[in-house]
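The values are calculated or read from the model by the stated rules, or taken from the named source; none is laboratory data. Computed from a prediction, not measured in an experiment: that's the story for all the values here. As a convention, Cβ positions derive from the backbone with ideal geometry for all residues, glycine included, and neighbour counts pool all protein chains shown.
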Amino acid sequence: MKKINETRDALRPCGKIAAALFFVLLDLHKINPMYQFSLEWYRGIFEMSIKDAKQNSASQEKIATINKCHILNVYRYTCRSLFERHKLLLAFQLAVKMKQSEGVIDSDEYLFFLRGAVGMADKSIALQKPNFEWIQEAAWNNLVELDQILPAFSNICQAIHLSTKEWKNWYSSKKPEPEEAQLPGEWETKCEDPLRKMIILRCFRPDRVIFAVKNYIIQSLKS
């Protein structure tokens, strides 16, 4: 019994991540009602992942191997039922859920990345948009709300006012996504988490978000 309990406790992280990924599949019906996945089918995928994983001597290595095999199998077999345009969304959701299960991602920040500003900012106390054409009105509205509701981005509007030239250089770069260009000044270190950098990118350059998402998926699955 002692050995069984120790083995079960050691493998709890696998079960936690497997449960998180299953709820990603359950939510796919919100995109298209025909996306339906049963628990029995999912259990078969998880058992397959355990068999695919190499048997390492160190339990932490074994857990990591099972997790990587499982997320790959979930993506591979789920994609058989998805339209091509939804496959990137699935990969991103799987990567985010894994990070959330590890306690790495802040839920409020992730929601902001998905939906942007929703009118929660108090514009009476907000800084005025700098008089530059490259800063769009929609971008500034996002930044104002970001500044006010998420502590990690406090004073970002003031930082843009003080270092407009540096922000314009970053904005004007061909590839401003996190892996290709650094944020101006202290914001590169303040936004150490890649998702936070993508939030700022979303405000200024939504046209580059899809490329940042692809990079984020690759880096998340490597770690």
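Restricting the range 161-199 to residues that are among the aliphatic types (A, V, I, L, M) and surrounded by 14 or more Cβ atoms within 10 Å (Cβ to Cβ), the residue that is farthest from Leu89 (Cα to Cα) is Leu183. Within the range 96-111, the set of residues being under 11 Å from the mean Cα position of the chain (by Cα), outside any loop (DSSP other than H, G, I, E, B) and of a type outside the set (Ser, Thr, Tyr) comprises Val96, Lys97, Met98, Lys99, Gln100, Glu109, Leu111.
Conditions tested, residue by residue: (1) in contact with a helix residue (DSSP H, G or I) (Cβ under 9 Å, 6 or more places away or on another chain); (2) among the charged types (D, E, K, R).
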position	(1), (2)
Glu133	no, yes
Ala138	yes, no
Asn142	yes, no
His161	no, no
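In the set (1) at pLDDT 90 or above; (2) of a type outside the set (S, T, N, Q); (3) not assigned by TED's automatic domain parsing to the domain that holds Lys168, the condition left unmet by Glu137 is number (3).
Suppose the filter is more than 15 Å from the chain's Cα centre (by Cα), on the phi > 0 side of the Ramachandran plot and either crowded, with 20+ Cβ neighbours inside 10 Å or free of Cβ contacts under 8 Å to residues at least 24 places away in the same chain (or both); does Asn155 pass it? Against the criterion (more than 15 Å from the chain's Cα centre (by Cα), on the phi > 0 side of the Ramachandran plot and either crowded, with 20+ Cβ neighbours inside 10 Å or free of Cβ contacts under 8 Å to residues at least 24 places away in the same chain (or both)), Asn155 qualifies.
Quick grid of which residues meet (1) β-branched (Val, Ile, Thr); (2) at pLDDT below 95; (3) farther than 25 Å from Ser220 by Cβ:
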| residue | (1), (2), (3) |
| --- | --- |
| Gly116 | no, yes, no |
| Ile125 | yes, yes, yes |
| Asn131 | no, yes, yes |
| Lys168 | no, no, yes |
| Tyr171 | no, no, yes |
| Lys174 | no, yes, no |
| Glu192 | no, yes, no |
| Leu195 | no, yes, no |
| Met198 | no, no, no |
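So in the range 107-129, with the set limited to residues that are in contact with a Leu (Cβ under 7 Å, 6 or more places away or on another chain) and among the charged types (D, E, K, R), which one is nearest to Cys203 (Cα to Cα)? The extreme case among them is Glu109. Of all residues in the range 81-108, those that are farther than 17 Å from Val213 by Cα have Cβ atoms under 6 Å from Cβ atoms of residues that are buried (at least 16 other Cβ atoms within 10 Å of the Cβ), 6 or more apart or on another chain, in Ser101/Ile17; Ser101/Ala20.
Restricting the range 127-177 to residues that are among the small types (Gly, Ala, Ser) and assigned to a helix (DSSP H, G or I), the residue that is nearest to Lys190 (Cα to Cα) is Ala152. For the range 137-147, the set of residues classified as without any contact (Cβ under 8 Å) to a residue 60 or more places away in the chain and over 19 Å from Asp193 (Cα atoms) consists of Glu137, Ala138, Trp140, Asn141, Val144, Glu145, listed by residue number. The set of residues in the range 27-58 that are loosely packed, with under 14 Cβ neighbours inside 10 Å and part of a helix (DSSP H, G or I) comprises Asp27, His29, Lys30, Leu39, Glu40, Trp41, Arg43, Gly44, Glu47, Lys51.
With respect to Arg202, determine if the residue is modelled with pLDDT of 95 or more, closer than 20 Å to Leu89 by Cβ and not assigned by TED's automatic domain parsing to the domain that holds Lys87. The answer is yes for Arg202.
For the range 79-95, the set of residues classified as hydrophobic (A, V, I, L, M, F, W, C) and assigned to a helix (DSSP H, G or I) consists of Cys79, Leu88, Leu89, Leu90, Ala91, Phe92, Leu94, Ala95, listed by residue number.
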